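In what follows, a structure is listed as structure tokens, so that the remarks can point back to it.
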């Protein structure tokens with residue numbers, strides 16, 4: 001669930017419910033964006049404390065929903081503990097997702113439509129350009145994240161690519177508007193869900209995870225703004 005972008009309180013509550021329904025009397029769970037701490041004590045024979053680090057995180061709400069559903073099935077006694085473990089392993093390894101080409105098309109559609117939504121501008125020149133640049137930026141960001149472990153570098157370079165293409169289009173098509181295009185195109189990479197989860201963690205009292213996620217969202221936004229700003233500064237759009 002952490003790897004899928006879930007809130008901290010949801011992760012802790014799900015782990016606690018699974019442990020209680022498995023017969024554990026005392027359960028202590030502490031979740032952070034980069035790791036999980038859990039202590040189990042059955043009150044009779046032994047206690048166990050484990051730490052699990054989470055190095056890769058993304059947005060996968062399908063994964064979060066499936067784990068939630070499995071925890072409910074276990075609480076309702078529809079599956080036992082061994083079946084739960086098997087199904088959780090299967091979910092981790094085979095969570096369905098849309099093919100990447102469809103994600104790129106979706107990013108392009110999102111960029112074009114959000115340009116209209118935010119700006120109330122029905123410009124048939126900027127509309128398709130925003131979609132194409134948004135799709136290319138999404139593809140660039142995903143490709144870079146597969147080939148580098150440096151955080152925020154993918155967002156910076158993807159934003160630079162989008163800014164460069166938008167400026168080149170404005171040179172070739174004077175009727176286009178760079179600002180309108182970039183406002184729509186950048187929406188595919190804006191960390192909206194990360195910001196929302198950060199606020200929800202803060203409201204639930206998870207100060208560490210809330211502040212960490214807020215900083216991560218802000219750094220992503222800075223990388224996006226910085227990449228576009230660099231292109232505008234040096235190409236004089």
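The values are calculated or read from the model by the stated rules, or taken from the named source; none is laboratory data. Not measured: the values here are computed from a predicted model. Cβ placement follows ideal geometry from the backbone for every residue including glycine, while neighbour counts extend to all protein chains displayed.
For the reader, a short list of remarks on this structure follows.
- Taken over the stretch 1-20, residues that are within 14 Å of residue 194 (Cβ to Cβ) and touching a helix residue (DSSP H, G or I) at 6+ places or on another chain (Cβ under 6 Å) amount to 5.
- Set side by side, the residues 28, 21 differ, and just one is farther than 24 Å from residue 91 by Cα and without any contact (Cβ under 8 Å) to a residue 60 or more places away in the chain, which is 28.
- Those helices (runs of 4 or more DSSP H) lying entirely in the stretch 51-132 with at least 3 residues outside the structural domain of residue 171 (by TED's automatic domain parsing), surrounded by 12 or more Cβ atoms within 10 Å (Cβ to Cβ) and free of Cβ contacts under 8 Å to residues at least 60 places away in the same chain: 61-75, 81-94
Here is a yes/no grid of residues against (1) buried (at least 17 other Cβ atoms within 10 Å of the Cβ); (2) under 21 Å from residue 5 (Cα atoms):
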site: 164; (1), (2): yes, no
site: 176; (1), (2): yes, no
site: 191; (1), (2): yes, yes
site: 218; (1), (2): no, yes
site: 225; (1), (2): no, no
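- Those helices (runs of 4 or more DSSP H) of the stretch 169-237 in which 3 or more residues are in the same structural domain as residue 115 (by TED's automatic domain parsing) and within 18 Å of the chain's Cα centre (by Cα) occupy 192-203, 207-235.
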